[in-house]
Every structure is written in structure tokens, then in C-alpha cells.
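Report on the structure given below.
What follows is calculated from the coordinates using simple rules that are stated; it is not laboratory data. Keep in mind that what you see is a predicted model, and the values were worked out from it rather than measured. When we count neighbours, we look across all protein chains shown, and the Cβ atoms used for this are built from the backbone with ideal geometry, even at glycine.
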Amino acid sequence: MAEKGRYCKAYLLKQMRAFDDWSEKAENARPLDKKELEKAGNGGDPDAPRTLTDDSIVYLQENHVVTDDIYKDENILFDEVTPEWSRFCEEDLAFEIPVYDNPVPPANPETDAS
């Protein structure tokens with residue numbers, strides 16, 4: 001079963017391709033969905049991977065793996081995570097996992113009376 005991570009962020013593929021050591025596994029691209037198949041109108045193979053272009057949306061996962069869907073363990077396009085790649089993600093792509101504060105509910109004097 002596909003696993004969603006805690007966080008991923010969408011980018012244009014051309015942003016990823018700017019990394020000097022980028023090498024994508026295009027054969028792992030997700031198949032076209034029904035709407036995309038209808039738009040293509042060519043009766044193509046519904047299981048064939050979609051064609052990736054610079055304007056394709058891809059997902060940078062929390063572990064710095066790039067996927068062609070929101071799931072972190074499917075349609076993996078790039079998984080050569082090195083210190084240089086991690087630096088590129090953080091500095092050039094400004095990728096960071098947000099920290100969400102757990103707000104403390106305001107005190108209610110009526111229910112908090114001791």
C-alpha cells in the first residue's frame with residue numbers, strides 16, 4: 001500500500017533538473033490518469049508512464065526523494081540523496097519542513113476555577 005509521508009512540496013521538474021547531478025528515472029513516472037488519457041485522445045496504453053517535461057509537477061518528499069505523486073514510496077524519479085542534493089533542496093529550492101505549533105487553548109476562568 002502506498003505510504004504518505006508527513007510532508008512533501010510540489011515543484012516544476014525544471015527546478016529539479018537544475019541540480020548538476022540530476023538523473024531522473026522517467027520510466028517510474030506515474031501513468032496518465034483517465035482525464036489525461038481522454039485529453040491525449042490517442043488511445044494510448046493506460047499503464048505507460050507519462051511523458052515528463054520541464055513543466056511537469058513533481059514532489060520533493062521529506063527525505064529529499066523526488067516522486068511523481070504525493071506518495072513517498074511510489075513513482076520515484078530521483079533517490080540519489082547526497083549531502084550536495086540535500087543542500088540544493090534546502091538552499092536553492094528553499095525546501096524545509098514546516099513546524100506546526102500545537103496551540104494551547106486559552107484558559108477558561110469558568111472551568112479552570114480551583
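Going by C-beta contacts inside 10 Å, put Glu74, Glu3 in order with the fewest on the left. Before the final figure, lay out the partial values.
Working: Glu74 14, Glu3 8.
Listed from fewest to most nearby Cβ atoms, that is Glu3, Glu74.
Hey, any idea what Rg/Rh is for the chain, computing Rh the Kirkwood way over Cα pairs?
On the way: Rg = 19.7 Å, Rh = 16.4 Å.
Here Rg/Rh amounts to 1.20.
How much length is gained if the chain between Glu38 and Asp73 is pulled fully straight, taking 0.36 nm per residue apart and subtracting their Cα-Cα distance, in nm to one decimal?
Working: separation 35, 0.36 × 35 = 12.60 nm, distance 2.73 nm.
Stretched out fully, the Glu38 to Asp73 stretch lengthens by 9.9 nm.
How far, in nm, would the chain grow between Ile97 and Asp47 when pulled straight, counting 0.36 nm per residue and subtracting the alpha carbon separation? Mind showing how you got there, number by number?
Details: separation 50, 0.36 × 50 = 18.00 nm, distance 3.27 nm.
Extra length from Ile97 to Asp47 when fully extended: 14.7 nm.
Considering only the other residues whose Cβ falls under 11 Å of the Cβ of Met1, what net charge follows from Lys and Arg at +1 and Asp and Glu at -1?
Numbers: positive: Lys4; negative: Glu3, Asp73, Glu74.
Net charge in that neighbourhood comes out at -2.
As a check on your grasp of the helix formula, calculate [θ] at 222 nm for the chain: sum -39500 (n - 2.57) over DSSP H runs of n ≥ 4, divide by the residue count, round to the nearest 500. Walk me through the numbers on the way to the answer.
Values: 3 runs with 20 residues, N = 114.
Result for the chain, helices only: -4500 deg cm²/dmol.
If neighbour count is taken as other Cβ atoms inside 10 Å, put Met1, Met16 in order from fewest to most.
Details: Met1 5, Met16 22.
Arranged by neighbour count, lowest to highest, Met1, Met16 become Met1, Met16.
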